[in-house]
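Worksheet: one structure, shown below.
Read-outs: derived from the displayed coordinates by stated rules, not from any lab. What you see is a predicted model; the values in this text were computed from it and never measured. In this analysis, Cβ positions are derived from the backbone assuming ideal geometry, glycine residues included, and neighbour counts consider all displayed protein chains.
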Amino acid sequence: MKESTKLIVLSHMRPKGDSGVQTHALQVLALAQARGVESVLRTPYDRQRTAFSRAQSQLLKRVRNVAPYFAESRLWALDDAELARGLGQELSGREGTVVLYAQSPRSALVAKEAASRAGITHRLVWTAHFNVSEATEAVNRGSIEVNSFGYRRRERDEAKAMEIADAVTTPSLFLRDILCTRHLDFADKVVHVPNFVNLPETAHSADGGVVEVRWDLISIGSLERRKNQAFLLDVLYEAKKLGHSYSLNLVGDGPDRELLEGKVDHLQLRDQVTFSGAVLDAGTLIAHARAFVHSSLQENLPIAIIEALAAGRPVFAGAVGGIPELISDDIEGFIWPLEDPKSAAQILINIFNTSDRLSSSGLAARRRFRKNFSPEAAGNRLLSTLLGAHYAS
């Protein structure tokens, strides 16, 4: 690695949190530093904001329900300005090449403008964490409507980010194909590089270590409509009707928590379901469950499932998005029908009644992780994509 090259990871999210985006950014930073690459993470939250800026933010958040698009635009502008200011300071007086790794189209746009102002030699790469597009994802969350101002702005940002980037990485082949189809003129910029994780060794227990099992099942993700955790509760209910009771830890928080807690009470599952809320480094909890369960209706290449593979735990999930790139049915895990909780419950019962299938799937999960999604495999591949000739693994 040449000393004159620096990697700057950029994100509009807080440096630490329970999202896959935050996990990815921090793990890229840690891997780069471990490999001797000069690197840093920049976000809009790197310094305390002025009293005036904080007052603006509070006011805009209060009027969000009345004027959502105005409030969003102004809040975005404040965050963009903070990110640009911090990046500008990072680039000031810098010599040599800088590699800018943005975690969203917006971050890419801010990075490009700041680097151009600084007049510094740079390579810009951004990664697509979204499912299909950020606009579509926001619609599915219920935060914007199709063809609204917010929708069109997200679409414009994505198109512009495709144009200005030197490369765009996609964790899944599923999303690579979508981006190449939607942006034919820039398809040659799109590079498939899978996500990776680097869990502490204490979480890796499937092939030898002894870890206390606290739950039968665990699921990690924000509690929102597209994550579909209500399906998991229906599966538990159907299994219970057949005489099988399984404990489940739902890790994460979000707008659907109250609805899900109400459903737990309605189905009389309170003694089976734990709501752990948002947890930092939630992946380390997976080894304390017998299996990982996933219910999302849309996915790219979920880091939580990769963490389950790393922990040597079989995965139950629907065949959506990039998930079939992570597990093969009846090998590293089991594909279940997201539209049919009764059938899914029967799959769960059949597997749990055959303990050797759980253990063999766990071992297969670990093998697949090491081969495809470990720092040595996918992590080095990402650094090579970002840094090119400046990096030697």
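Between SER116 and ARG182, how many nm apart are label points set 7 Å from Cα along the C-beta direction?
Output for this residue pair reads 2.3 nm.
Between ASN372 and ARG64, what is the label-point separation in nm under the 7 Å Cα-to-beta-carbon projection?
Placing both labels 7 Å beyond Cα along the Cβ direction yields 3.6 nm.
With both bridge residues required to lie in the chain, what share of the DSSP beta bridges run antiparallel, to the nearest 5%?
The antiparallel fraction comes to roughly 5 percent.
Could you list which residues have their amide H under 5 Å from that of VAL190, counting only those 5 or more apart in sequence or on another chain, with H placed in the peptide plane?
VAL168
What relative contact order, as a whole-number percentage, does region 201-373 give when Cα pairs under 8 Å and 6 or more residues apart are counted?
Over region 201-373, the number comes to 25 percent.
Rounded to the nearest angstrom and ordered from largest down, what semi-axes does the equivalent ellipsoid of the chain get from its C-alpha gyration tensor (root of 5λ)?
37, 26, 19
Can you tell which of PRO337, LEU309, ALA278 lies farthest toward the positive end of the dipole of region 201-373, using +1 and -1 charges on the Cβ of basic and acidic side chains (Lys, Arg; Asp, Glu)?
About the Cα centre, the residue reaching furthest to the positive side is LEU309.
What is the dipole size for the chain, taken about its Cα centre, with +1 at each Lys and Arg Cβ and -1 at each Asp and Glu Cβ, in debye to the nearest 20?
For this selection, approximately 880 debye.
Please give the peptides 358-364, 171-177, 142-148 ranked by average Cβ packing (other Cβ atoms within 10 Å per residue), highest first, as a rough proxy for protection.
The most tightly packed comes first, giving 171-177, 358-364, 142-148.
Got the relative contact order for the chain handy, in percent, Cα pairs under 8 Å and 6 or more residues apart?
Reported as a whole number, the value is 15 percent.
Return the aspartates and glutamates within reach of LYS189: Cα separation strictly under 13 angstrom, same-chain partners fewer than 8 residues apart disregarded; answer none if there are no such residues.
GLU163, ASP166, ASP177
Evaluate the distance, in nm, between pseudo-label points positioned 7 Å from the Cα of ARG156 and of ALA319 along their respective Cα→Cβ axes.
4.1 nm
Please give the charge dipole size of region 110-209, origin at the Cα centre, charges +1 on K and R Cβ atoms and -1 on D and E Cβ atoms. Round to the nearest 20 debye.
380 debye
Longer than 22 Å from Cα to Cα, which of LYS16/LYS160; LYS16/LYS371; LYS6/LYS160; LYS227/LYS371; LYS227/LYS342 are they? Say none if no pair is.
From LYS16/LYS160; LYS16/LYS371; LYS6/LYS160; LYS227/LYS371; LYS227/LYS342, over 22 Å: LYS16/LYS160; LYS16/LYS371; LYS6/LYS160; LYS227/LYS371.
Can you list the HN-Hα couplings for region 268-276, worked out from phi with the Karplus curve (6.51, -1.76, 1.60; θ = phi - 60°), rounded to whole Hz and with x for Gly and Pro?
Going residue by residue, I get 6, 10, 4, 7, 10, 10, 10, 9, 8 Hz, with x marking Gly and Pro.
At a Förster radius of 56 Å, what calculated FRET efficiency corresponds to the Cβ-Cβ distance of LEU297 and SER53, to the nearest 0.05?
Working from the Cβ atoms, E equals 0.90.
Taking amide hydrogens as modeled 1.01 Å from N in the peptide plane, which residues meet the under 5 Å criterion relative to GLY333, leaving out close sequence neighbours?
VAL315, SER328
Kindly point out which whole DSSP H helices in the chain project their C-alpha atoms 15 angstrom or further along the helix axis while averaging a Kyte-Doolittle hydropathy of -0.5 or above.
20-34, 68-91, 105-118, 229-241, 341-352
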